[in-house]
Amino acid sequence: MDVKNRLQEITRAKYGLELSQCGDSQLYHALLQLTQELSTARPAPKGERKLYYFSAEFLIGKLLSNNLLALGVYNEVNSLLAQCGKSLSAIEDVEPEPSLGNGGLGRLAACFLDSIAALGLPGDGVGLNYHYGLFKQEFAHRRQYEQPNPWIEDEGWLIPTGEAFEVPFGFGPVKARLFDIAVPGANSGVANRLHLFDVEQPAPAPADGIDFDKTDLPARLTSFLYPDDSDESGRLLRVYQQYFMVSAGAQLILKELEERGFALDTISEHVAVQINDTHPSMVIPELVRLLTQRGLSMDAAVEQVSKTCAYTNHTILAEALEKWPLTFIEKVAPQLVPILKELDARAKAAHSDPRVAILQGEAGKEIVHMAHLDIHYGYSVNGVAALHTEILKNSELRHFYDIYPAKFNNKTNGVTLRRWLEVCNPRLAALLDECVGPEWRTDPTRLNKLMDFYNDSAVLDKLLDIKADNKHRASDLFARDQYGIRLDPDAVFDIQVKRLHEYKRQQMNALYVIQKYLEIKAGKLPARPVTVIFGAKAAPAYVMAKHIIHLILCLRRLIENDPQVRPWLHVAMVENYNVTWAERLIPACDISEQISLASKEASGTGNMKFMANGAVTLGTLDGANVEIAELVGPDNIYTFGAASNYVIELYDQKAKDSKKGYQSKVYYERPAVKPLVDFLLDPALTALGDEAALKALWTDLTTKDWFMALLDVEAYSAARDRAIADYGDRAAWARKMLVNTARSGYFSSDRTIAQYNEDIWHLS
Ligand SMILES: *Cc1c(COP(=O)(O)O)cnc(C)c1O
């Protein structure tokens, strides 16, 4: 197709305007139409088996640039627009960002869909069409407030399919209408689909905030991702959502199986279901139910489903391993209860160890362990980084590993370098074309060839120049979209952007900020000016996470108002951190903060995006940081802190005797630590914020500190000081940047997906 002619036809038909006469919004909608035409014209990939990737989240980000790239018309459209004096990035500002995810898990699902299509594999996503997303974060009074985040427009990416499935809830049947988002594959000529189910009559947004009547069903089923689960109606709503997703998804699978002409008792040869964390686990009993309802024996149904479903574990945090009271399932989907009991009885008959039971507890009060269901009745259990998988095998899921050693495997996460390098950092991408050839775009291992330029001062200078340029660009956008707040592009950009969680230890980063503040006040200046950038949403009911946001925003204000400190230390916190902000900030980063307590971050994917864009990691040996460290070598990463084995040992000791193991008080008393923690109660800070919140955080750190920030804070501070000092040797720093980009090819999600296909899915 002639892109220019077609685009011109569209703007004439839609608006009666020539391209050059259109405004950004008109151009956006014209490009959207063009993109949709090109995507839907593409065939679906073929294969023996088709994958259905079930996930409660798909954090897809804006789609225009990415889809243009996948469709192979990005450059053409870009230069066409440039001829009319327009820019794609200004046009993309018009696009609302879908808020269909929360953090890494949802973004991983989005990267995976991109890679599955790029590799030409048959695989669709299955999820829900949340109307108001997770939430939109607003800051006021140095606190987080949550607002609905509507993103669905009359003319958008959702394609109504006209298909619907009836989901049998306890209170009656509800129609699940299917909407699709096309997923064109880069260089593969095919397109897959993201299937999003929705109710027929979704409720309007709550008037203010994200509180709503959680019993207003079915209208509220698809309002929000992860409705507040701090009360029972919220938890129940999550189960309703999960069943809505998996029942409709399972019916779609069987319909397509039939259309492809295959018998139900051959489903495992033609379908693979990947269960992304435990949220979609009910797909297992639902498939068993539907297969037996349609004539398969229980034995045959269980066997087929067990060869169809595979499970990805994303976390070892106990609170994230879902356990639902059986009474919830009885209420939401009573027809699943006999199936669950049958599956549990079979598992108990085969394995008497009560620790591996699916249903636990006395009759009438049983709890359903969703992960246990997945492990018994899935044919693959994978962790998401080498260290994480080892921890699953050796501690968290040891009893299961003893039973099913062959099911366990590792698939180290990856990110799509199309979005996370080509689109978000075009100048670096162009330099890579020059240095290693454009083949890196389809074969990311080619990035290793960048090592040939390790001593090439012209290339090193270009890397520094591109980074400086990206810092200026990010600063301009920050000033434009974040209340005029100016970042200093000449300072070191030290960035921690990710969900807010105590295990990720934003509080430890804040303690470092306090340390620098106190040092500057005492006349000891840092090696050079540093800009510390945070971005993080806290779950609405997660009180301690909100206290940490409060601390950061108080520190931001404190320093802003202090002319002695401000030139040396700046704290910025981006409001409503999302994929768009990630794409702006990551290419501008010098130091990537990946400081989770060792053993707690399953993988991380932010770490990979930063690395590809030439940021140097400051991190613990946790998750995929371990693999990053191996790939770049000790000169090109700053690692610190307690090792995962030691941390696990501390927890074990504490579990046996609460007076043993990690005692935060001991570390709090250390002379280098106490003043930092006590600053939370300093009148200079409490005057700016909520004294009770700061006190609650102080009390937690001094008496509990479950994620051991005080254990590592001194080593962290030393490593961070060293990184900031090393930044001054620009040539040496540029080499570190070069090595990080050169070694990032391993973390392409194309590699991850090729491994899933090879070891688990066998799609073609
Ligand atoms: C990549 C990404 C994440 C995950 O970051 P981690 O540092 O791995 O937790 C979260 N949110 C957004 C918007 C992302 O792009």
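The values are calculated or read from the model by the stated rules, or taken from the named source; none is laboratory data. Worth saying up front: this structure is predicted, and the values here are computed from it rather than measured. For neighbour counting, all protein chains shown are included, and Cβ atoms are generated from backbone atoms with ideal geometry for every residue, glycine included. Please note that ligands, DNA and RNA were not included when accessible areas were found on the heavy atoms of the full protein model with its side chains. Shrake-Rupley method; radii C 1.70, N 1.55, O 1.52, S 1.80 Å.
Below are the figures for this structure:
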| item | result |
| --- | --- |
| Selection status of G120, touching a residue at least 24 places away in the same chain (Cβ under 8 Å) and within 25 Å of S65 (Cβ to Cβ) | yes |
| Within segment 617-637, tally of residues that are touching a Lys or Arg at 6+ places or on another chain (Cβ under 9 Å) and surrounded by 24 or more Cβ atoms within 10 Å (Cβ to Cβ) | 6 |
| Yes/no for D180 being touching a strand residue (DSSP E or B) at 6+ places or on another chain (Cβ under 6 Å) and without any contact (Cβ under 8 Å) to a residue 24 or more places away in the chain | yes |
| Test: residue in segment 66-84 that is open to solvent by 30 Å² or more (accessible area, probe 1.4 Å), out of contact with any Pro (no Cβ under 6 Å at 6 or more places or on another chain), closer than 30 Å to G261 by Cα and touching a residue at least 24 places away in the same chain (Cβ under 8 Å) | no |
| Close pairs (6 angstrom Cβ cut-off, 6 or more residues apart or separate chains): in contact (Cβ under 8 Å) with a residue 24 or more places away in the chain in segment 735-751, open to solvent by less than 10 Å² (accessible area, probe 1.4 Å) and of a type in the set (S, T, N, Q) anywhere | S749/S115; S749/T416; D750/S115 |
| Subset tally (residues that are closer than 23 Å to Y226 by Cα and of a type in the set (K, R)) for segment 58-103 | 1 |
| Filter result for S744 (in a loop (DSSP other than H, G, I, E, B) and out of contact with any Phe, Trp or Tyr (no Cβ under 7 Å at 6 or more places or on another chain)) | no |
| Subset of segment 185-202 [in contact (Cβ under 8 Å) with a residue 60 or more places away in the chain, at negative phi and in a loop (DSSP other than H, G, I, E, B)] | G185, A186, S188, V190, P202 |
| Condition check for G133: among the small types (G, A, S), touching a Phe, Trp or Tyr at 6+ places or on another chain (Cβ under 8 Å) and open to solvent by less than 10 Å² (accessible area, probe 1.4 Å) | yes |
| Test: residue in segment 487-498 that is farther than 25 Å from M737 by Cβ, open to solvent by 20 Å² or more (accessible area, probe 1.4 Å) and at pLDDT 95 or above | no |
| Scope segment 655-689; condition open to solvent by less than 50 Å² (accessible area, probe 1.4 Å) and either modelled with pLDDT under 95 or not in a helix (DSSP H, G or I) (or both); matching residues | G661, Y662, A672, V673, L688, G689 |
| Qualifying residues in segment 144-171 (those that are touching a helix residue (DSSP H, G or I) at 6+ places or on another chain (Cβ under 6 Å) and farther than 25 Å from I329 by Cα) - the one least open to solvent (accessible area, probe 1.4 Å) | Q144 |
| Unique residue being closer than 21 Å to P540 by Cβ, in a loop (DSSP other than H, G, I, E, B) and of a type outside the set (A, V, I, L, M, F, W, C) when the list is G156, G133 | G133 |
| Answer from I358, I329 - the residue that is closer than 30 Å to E758 by Cα, modelled with pLDDT of 95 or more, aliphatic (A, V, I, L, M) and open to solvent by less than 40 Å² (accessible area, probe 1.4 Å) | I358 |
| Among residues of segment 533-587, those that are charged (D, E, K, R) and either touching a His at 6+ places or on another chain (Cβ under 9 Å) or on the phi > 0 side of the Ramachandran plot (or both), counted | 2 |
| Residues that are among the charged types (D, E, K, R), within 26 Å of the chain's Cα centre (by Cα) and either modelled with pLDDT of 95 or more or loosely packed, with under 15 Cβ neighbours inside 10 Å (or both), drawn from segment 389-398 | E390, K393 |
| Lone unmet requirement of (1) modelled with pLDDT of 95 or more; (2) away from the ligand (no atom under 16 Å from the Cβ); (3) small (G, A, S) for A82 | (1) |
| Residue match in segment 753-764 (condition: in a loop (DSSP other than H, G, I, E, B), open to solvent by 50 Å² or more (accessible area, probe 1.4 Å) and closer than 30 Å to L51 by Cβ) | yes |
| Those residues of segment 92-112 which are crowded, with 24+ Cβ neighbours inside 10 Å and under 26 Å from L27 (Cβ atoms), in sequence order | P98, S99, L100, A110 |
| Number of positions in segment 572-612 that are among the small types (G, A, S) and within 8 Å of the ligand (Cβ to nearest atom) | 4 |
| Some residue of segment 454-467 being open to solvent by less than 30 Å² (accessible area, probe 1.4 Å), basic (K, R) and not assigned by TED's automatic domain parsing to the domain that holds F534 | yes |
| Residue check for A219: over 30 Å from E390 (Cα atoms), in the same structural domain as L134 (by TED's automatic domain parsing) and open to solvent by less than 10 Å² (accessible area, probe 1.4 Å) | no |
| Any hit, segment 621-638, residues being in contact with a helix residue (DSSP H, G or I) (Cβ under 9 Å, 6 or more places away or on another chain), within 9 Å of the ligand (Cβ to nearest atom) and either among the charged types (D, E, K, R) or within 21 Å of L432 (Cβ to Cβ) (or both) | no |
| Selection count, segment 503-542, where residues are open to solvent by 30 Å² or more (accessible area, probe 1.4 Å), out of contact with any Ser or Thr (no Cβ under 6 Å at 6 or more places or on another chain) and under 20 Å from N576 (Cα atoms) | 3 |
| Identity of the residue in segment 399-453, of a type outside the set (V, I, T) and assigned to a strand (DSSP E or B), that ends up surrounded by the fewest Cβ atoms within 10 Å (Cβ to Cβ) | N409 |
| Residue among E232, E286, E256 that is surrounded by fewer than 24 Cβ atoms within 10 Å (Cβ to Cβ), of a type in the set (D, E) and in contact (Cβ under 8 Å) with a residue 12 or more places away in the chain | E256 |
| Any chance N382 is over 26 Å from G170 (Cα atoms) and touching a residue at least 60 places away in the same chain (Cβ under 8 Å) | yes |
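Residue-by-condition table, conditions (1) modelled with pLDDT of 95 or more; (2) within 29 Å of K307 (Cβ to Cβ); (3) within 16 Å of the ligand (Cβ to nearest atom); (4) not assigned by TED's automatic domain parsing to the domain that holds E303:
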residue	(1), (2), (3), (4)
K407	yes, yes, no, no
W420	yes, no, yes, yes
L432	yes, no, no, yes
M451	yes, no, no, yes
